[in-house]
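Below: one structure, written as structure tokens.
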Ligand code: SF4
């Protein structure tokens, strides 16, 4: 996606990152006093979701940088911390929840990093450890061409004894990660899907083989890895294709270097349906048989989800018996029927993930 305009909120106009973005993008940084006019401009476009991917607003994070992943009380949550570095994405996945999350959706990057470091210092100085990720409201690595925040974060987390950073991406922009003294405190993670779903539903993302190659490169630089099969889409023949992805994954990567693998099937708020219909008329992902879940999101029937999770778990276990597997936003019954145990029986999902992070990332007990 080519960026066509760069805007900067007046209160951060002097921030050194503004010049860096402007130089790298070869665009003037236009100062705006308030966001309203800009938001109205995006909203008036025929496809505001696409228009918002071509405009960057450099701004201040007016809320906290670090926050607890919202999860839902009805599903088992992993107690993750989101580091909110910016919002939205230059890639364009049909199912992307961010399309209905921001009004309007627009690339925003927070440049008040002094506040970010202060917050992190405060949060991580206690005895509690955190799993922190930047890839919830944006892709972790899309900002690499313009910002040096990622290497700074990797260096910062290298000094932590109890907390880890997870960078979650569908890109291959990993060059800034080379030669960093990361001390295995940063986990590089990729969302994976079948080549068919990537080609038809994930516009502008890298191919499966490119993602696995980038993961192998990071592994060779000593980074621990993680993978997220989310959202898995159910279609005729999907089982064989997901099985093939797992085969390729373990052909190229060390099972012992994988901190965790998560799975989640496609789910969506009803409001997203019309956006997908409008923006991705060829997409068939919303036409399966869905039922409303406890959080109001539409999901595949439980037995259908469970069957796929169970198969995936078997294929993964054949090649990586010990790897930590977890389900994103599912209940105890689905866990039991998919894996044969509930997180509760292993001390809870946060404890399961903390244990794996401790083992793979050299954290203190
Ligand atoms: S890569 Fe992630 S954040 Fe970007 S469009 Fe796809 S789902 Fe959304």
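For the reader, a short list of remarks on this structure follows.
- The chain, helix-only ellipticity at 222 nm - DSSP H runs n ≥ 4, -39,500 (n - 2.57), divided by all residues, nearest 500: -10500 deg cm²/dmol
- Sorted largest first, extent of the range 1-47 alpha carbons per principal axis (Å): 33, 25, 11
- Alpha-carbon geometry of the range 315-365: the Rg and the Dmax are 11.9, 34 Å, given in that order.
- Cα-based convex hull volume of the range 93-217 per residue, rounded to whole Å³: 124
- Separation of the range 328-359 and the range 270-327, taken as the distance between their Cα centroids, equals 18 angstrom.
- Averaging the Cα positions of each part gives two centres, and for the range 13-59 and the range 152-177 these lie 26 Å apart.
- Packing, taken as the mean count of other beta carbons within 10 Å per residue, orders the peptides 260-270, 333-343 from highest to lowest as 260-270, 333-343.
- Among 59-66, 98-105, sorting by the average number of other beta carbon atoms lying within 10 angstrom of each residue, highest first, gives 98-105, 59-66.
- In plain terms, the C-alpha convex hull of the range 1-131 casts an average shadow of 9.7 nm² when viewed from every direction.
- The calculated pair-distance distribution of the chain uses every alpha carbon pair, bins of 20 angstrom beginning at 0, and gives 29, 60, 11 percent.
- A convex hull fitted to the Cα coordinates of the range 249-365 yields 145 cubic angstrom per residue.
- With only Cα atoms counted, the range 172-327 has Rg and Dmax values of 16.6, 48 Å.
- Highest to lowest packing among 149-155, 297-303, scored as the average C-beta count within 10 Å: 149-155, 297-303
- Relative contact order of the chain: 15 percent, from C-alpha pairs under 8 Å at least 6 residues apart in sequence.
- Translational diffusion coefficient (Stokes-Einstein; Kirkwood radius from C-alpha pairs) of the range 166-207 at 37 °C, 0.692 mPa s, in µm²/s: 276
- Once divided by 2.2 N^0.38 Å, the Cα radius of gyration of the range 132-182 becomes 1.09.
Taken together, the values in this text are just the output of simple stated rules run on the coordinates, not laboratory data. Since this is a predicted model, take the numbers as computed values, not measurements. Positions of Cβ are generated from backbone atoms using ideal geometry, with glycine treated the same way; all protein chains shown enter the neighbour counts.
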